[in-house]
Amino acid sequence: MLKTLGILAAGIAVAFGFGLLVDNAVPPFWALIVNLCGVSIILAVSLNVINGLTGQFSLGHAGFMAIGAYVSAYFTTTLRYFDPEVAKYVSQQPLFDGVWGFAPALLVGGLAAALAGLLVGIPTLRLKGDYLAIATLGFGEIVAILLTNFKQVGGSKGLTGIPSYADTSWIYAFVAICIAFSLFFQRSTFGRALIAIRENELAAEVMGIRTARMKVMAFVYGAFFAGLAGGLYAHLFQTINPGNFNFMKSVEVVVMLVLGGLGSLTGAIVGAIILTVLPEALRDLEREIALPGFRMALYALILILMMIFRPQGIFGQRELSLKLLRRILPGGRK
Amino acid sequence: MRKALALVLVCLALAVFFAGCGSKIGPGYDEKEVYIGLFVSTSGEIATFGTDTKNGVELAVEEINKAGGINGKQIKLIAYDTASKADEGKTAATKLATQDGVLVSMGAVASGISLAAAPEFQKYGIPMVSPSSTNPTVTQVGDHIFRICYLDDFQGGACAVFASKDLKAKKAAILQNQDDAYSTGLADFFEAKFKALGGEVVAKESYKKGASDFKTQVTNIKGKSPEVIFVPCYYNDVALIAKEFRAQDVTVPLLGGDGWESDKLIPSAGSALEGSYFGNHYSQEDDNPKVKKFVEAYKAKYGNVPSSLAALGYDVVYVVKEGIEKAGDFDRKKIRDALAGLKAFDGVTGKFDIDENRDARKPISMLKIEGERFAPVRQIKPEEVQ
C-alpha cells in the first residue's frame, strides 16, 4: 500500500515535470498529440480492466466518456446559447469557476459515469460474450441519443466555449493516477479475482469469488476513469457534441487494446499511443502522394497484418518491464 | 527509484529532441508562394461533401495560379483530411497553424469539425473561412472566424417567404426529422416566419431518424388539406416522403432546403417531386456568365455537375484572394480586417457581404423541379426575410 502511494506520488510529480517540459519545449502540434495520447491511455487502461482483466466484452466505453465529458463541461462552462428558449434552463455563470474548479468538475463527471456504470452493469453483466457486447453497444447509443434530444446541453449541436483547462500536466497527472491504480489492482485480491473470472468463471465461483459483484465493480471502475478521460477530452477540445462519442469511438478504444494485447497494462498504453500517433504521422505521407483516404487504408492494413501475424496483440498478456527487456536484448542476463 | 530516474531522463531527452524543432509560427509566405490551408473530410461518413468541396477549391486555386496568383505569389494549397472526426479537425488545424504556418485557412464542411478547429486558428491569429458550416456558434468562437454560406434561420425564413408570397399559400404543413438539428431548426424558423406573414401552420408532424414508413404522418397532413408542405430533410428521406404523398393523392407542391440537393434525388423520387421547390446555395443553370464558366470548367475537370458544396469551395478561395488583395499585404491582422469589411463579393453562389457577425449575408436560390432539371425560379434576398 505504502509502495503504491509512493509510486502514485512519484508518478504525479513526473507528470507535472513532463507537463512543464511539453508546454515549454515541444511544438504545439506535437504537444497536442502528446495530450491526445494521454486521454487515449486513460481510456485504454480503464477498458483493459473490463475487457482485458475480467474478460468481459464491453463496447460502451464512449458512452461513459460522453457522460464524463458532458457532466464536467456542464460545471465549468459559461453556457451561451443561440436559442433563447434553451438559455432559460442553464446557468449563465460556471458553477465551478477557474482552473481549481476543474478538479471537482472532473471528479463529478467521473462519478456520474461510474453511477451509470453501476446502473448499466447490474442488469447487463448477467449476460455473457456477444450478448454483453450488444447490450453495452446499446447503452452507448442510448447515451448519444439522449444527449441529442436534451436541448439543455445543446442537442445535436453540442456544447461550445468549454474552457481550455486540460493541459499536459493535468492530463498526465490523471494518466499517472489511472496507471498506478491499475497496477495496484492487478496485484490485489480484487485483480486476481478478476483474472480468475476471465480464465474460468465457473471455477472462480466455486472458489468463493462473488463473480457478479466483482464484474460490476470492474465495470464501475472502468466507467469512472472513462468519465475522467471524457472530462479531460472536453476541456482539451473545448467543444463536444454527441457525434464525438459514437460507436466508432468505443471501437477505437477496443482496437487499442487488441493491438497492444488484451489483458496487458503496458500493451494498452502502447496500443493507445500507436493508434493515436499513427493517423497523424501518416498525414504528411498522404499529402506527399496526393491520394485521399490512403492514410486510413494504410491504418487498416496495419491492423489486418497485425491480426494475421500476431493475433494476441503486441504484448499478448505479458507486461513490458525491465526484466523482459533484459531477457530480450542480446547479451542480457537470463 | 531507478525507474523514476529513468523516466525523468527520458523526459529530458524528449524535451531536447523537440526543443530543436522550434515553436514560432511562420509568416505564411515565402518569395514565390503564399501558404493557404484547407481541412475537409475526404474520408469517413461525410467524405462526399469534403471531396466536392476540395474539388471546388482545387479548381479555383488552379485558375488563380494560372492567372498569376495573388499579388504576384502562387498559392501553395496545404490540404489535410479530417476523416469525418472532430478530433482530427483540431489536430489538422494545429498542424496547419504551427507546423505549416499557413497565412489563412479554409474549412470545414461539418460544423462539429469547424468548432473543434476554430479555437486553434483564433489562438494563433490566423483567419479561418468556412465554406459551408451552418451552425451559428462557429463564427462566435472569435473574431478571426468567418463563413460564406447562409445560416439555417435565414434558409427556413426564406422558404416561408417563398411559400407565402410566390406560392400564395395560406395553409402550410411541416414534416420534420426530429433527431436532426438541421431539420428541426429549419422547421422552427419556417413556422415562425410563415405565421408572421399571416399564414397558418395546420399540421406539424415528426419522424425518427432512419424511418422508412411515413403513412401515419402523411395521412394526418392530408386530413388538414394544406396548400404547401415544408419538408426540411435530406434527399434520401425526401424521395420516400414524396412518394408517400403522391400515393395518397396529395398533389400540392413540397418545399425544402439545401438538404434536397443531390444527383440521386430525381432517380430515387421518380416523378413524385415534379413541380416541387427547394432553396439552394446556387443554381447550376444560372445565366450568370460567372456561374456558366465555373460549371463548364468543373465538368471538364471532374466529369460531373458541381454540387453546392463544390460551388462554395470554389467561392471560398476567391474570398480569401480578395481578402489578401484588399489587405494589400501578407499580414494576417490586415487580412482579417479586410475579410471583416468585405462588401459585395461577387461569387458563383451569389453576391454577398460579410456582416458584423462575420457571417455571409447572401441570397438563396429557389429552384423548381421540372423533369430531371432543377430550374431556377428566383433569388430571395436577405432584406426580404427580415
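Just so it is clear, none of the values below were taken in a lab; they were calculated from the coordinates. What you see is a predicted model, and the numbers here were worked out from it, not measured in a lab. With ideal geometry, Cβ positions are generated from the backbone for all residues, glycine too; neighbour counts draw on all protein chains shown.
Local charge for A:G55 was computed over the other residues whose Cβ lies under 11 Å away, with Lys and Arg +1 and Asp and Glu -1, and equals +1. Residues whose amide H falls under 5 Å from that of B:Y29, counting only those 5 or more places apart or on a different chain, are B:Y35, with hydrogens built in the peptide plane.
Between B:E63 and A:R213, the modelled labels are 7.3 nm apart [label points 7 Å from Cα along Cα→Cβ]. Magnitude of the charge dipole for chain B, about its Cα centre and with charges confined to Cβ atoms of Lys, Arg (+1) and Asp, Glu (-1), is about 480 debye. Hey, which of these cross-link pairs are over 27 Å Cα-Cα: B:K54/B:K293; B:K32/B:K299; A:K157/B:K333; B:K193/B:K351; A:K3/A:K249; B:K208/B:K299? In this structure, B:K32/B:K299; A:K157/B:K333; A:K3/A:K249; B:K208/B:K299 lie more than 27 Å apart at Cα.
A simple spin-label model places pseudo-atoms 7 Å from Cα toward Cβ; at A:I302 and A:L115 they are separated by 4.0 nm. Secondary structure note: in the protein assembly as shown, about 40% of the DSSP beta bridges are antiparallel. Dipole of chain A computed with +1 at Lys/Arg Cβ and -1 at Asp/Glu Cβ about the Cα centre; of A:F185, A:L125, A:Q238, farthest Cα towards the positive end is A:F185. By the helix-only formula, in which each DSSP H run with n ≥ 4 contributes -39500 (n - 2.57) and the sum is divided by residues, chain B has a 222 nm mean residue ellipticity of -13000 deg cm²/dmol. Take the Cβ atoms of B:E372 and B:E200, set R0 to 41 Å, and the FRET efficiency comes out at 0.75.
Note on the stretch B:323-354 and the stretch A:194-262: Cα centroid distance 50 Å, given to the nearest whole angstrom. The calculated pair-distance distribution of chain B uses every alpha carbon pair, bins of 20 angstrom beginning at 0, and gives 27, 51, 18, 4, 0 percent.
Other residues with beta-carbon under 14 Å from the beta-carbon of A:V270 carry, at +1 per Lys or Arg and -1 per Asp or Glu, a net charge of +1.
Extending 7 Å from Cα along the Cβ direction at B:D346 and again at B:A192 yields two label points whose distance is 3.5 nm. Each of B:V348, B:V129, B:P376 was scored by the projection of its Cα onto the charge dipole of chain B, and the greatest displacement toward the positive side belongs to B:V129; charges sit on the C-beta of Lys, Arg, Asp and Glu. Across peptide A:233-241, the average count of Cβ atoms from other chains found within 10 Å of a residue's Cβ is 5.
Among the residues of A:8-15, the average count of other protein chain beta-carbon atoms within 10 Å of the residue beta-carbon is 2. Highest average first, the peptides A:6-16, A:266-276 ordered by how many other beta carbon atoms sit within 10 Å of their residues are A:266-276, A:6-16.
On the basis of the beta-carbon distance and an R0 of 60 Å, B:K264 and A:F16 show a calculated FRET efficiency of 0.65. Semi-axis lengths, largest first, of the ellipsoid equivalent to chain A are 31, 25, 21 Å, with √(5λ) applied to each eigenvalue of the Cα gyration tensor. Within the stretch B:179-307, all pairs of alpha-carbon atoms sorted by distance into 10 Å bins from zero give the percentages 11, 38, 31, 15, 4. With unit charges on the beta carbons (Lys and Arg positive, Asp and Glu negative) and the dipole taken about the Cα centre of the protein assembly as shown, which residue among A:L285, B:G313, A:V108 sits farthest to the positive side? With unit charges placed on the Cβ atoms, the residue in question is A:V108.
Here's the list of aspartates and glutamates a cross-link from B:K123 could span, going by alpha-carbon distance under 12 Å and ignoring same-chain residues fewer than 8 apart: B:D143. Each peptide in B:159-170, B:64-75, A:221-232 was scored by the mean count of other Cβ atoms within 10 Å over its residues; highest first, the order is A:221-232, B:159-170, B:64-75. The mean count of C-beta atoms from other chains within 10 Å of the C-beta of residues in A:157-166, rounded to a whole number, is 4. The charge dipole of the stretch A:2-246, taken about its Cα centre with unit charges on the Cβ of Lys, Arg, Asp and Glu (plus for the first two, minus for the last two), comes to roughly 480 debye. Counting charges near B:S206 (Lys, Arg +1; Asp, Glu -1) among other residues having Cβ under 13 Å from its Cβ returns a value of -3. What the Cβ-Cβ distance of B:D30 and B:A300 gives, at R0 = 25 Å and to the nearest 0.05, is a FRET efficiency of 0.20.
Here the scattering of the protein assembly as shown is modelled by Debye summation over its C-alpha atoms, one equal scatterer each and no solvent; at q = 0.06, 0.08, 0.09, 0.12 Å⁻¹ the log10 of I(q)/I(0) is -0.39, -0.69, -0.86, -1.36.
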